Amino acid sequence: MLPVGTLTSREIEVLYLLAAGYSSKIIADELGISKRTVEKHIENILAKLLAPNAPAAISISIKAKVIDPAKIAVIQILPPTK
């Protein structure tokens, strides 16, 4: 069993945007938080999922059905709102 249940809703939000290819800066702007906060969320995600990097965390999350690839595709076609 993967430790994905420990991700917060904000971490899952960040993970979706990261999976869609957004930079930390754009994610910060979209969520109204600082870039450093986004980076901290990413650090927490990697630690909780025991992932060595963001692509691995995304893969683990998809396999565990925490994030939906179809939703990632939708996010990819929508431009940032800010």
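Here, each number is a calculation from the coordinates, and none is a lab measurement. What you see is a predicted model, and the numbers here were worked out from it, not measured in a lab. Neighbour counts are summed over all protein chains in view; Cβ atoms, including those assigned to glycine, are modelled from backbone coordinates with ideal geometry.
Be a star and scan the stretch 55-69 for residues whose amide nitrogen sits under 17 Å from the point 7 Å along the Cα-to-Cβ vector of Leu46.
55-61
Enumerate the aspartates and glutamates that Lys25 could reach by cross-link, defined here as Cα to Cα under 12 Å, with residues fewer than 8 away along the same chain left out.
Glu39
Helix 35-49 versus the longest principal axis of the chain: what is the Cα-based angle in degrees, 0 to 90, to the nearest 10?
20
Among Val66, Val38, Val14, determine the one that fluctuates most according to a GNM of the chain built with springs between C-alpha atoms less than 10 Å apart.
Between Val66, Val38, Val14, it is Val66 that shows the largest mean-square fluctuation.
Quick one: compute a quarter of the convex hull surface over the Cα atoms of the chain and quote it in nm².
Taking a quarter of the hull surface, the average projection is 4.8 nm².
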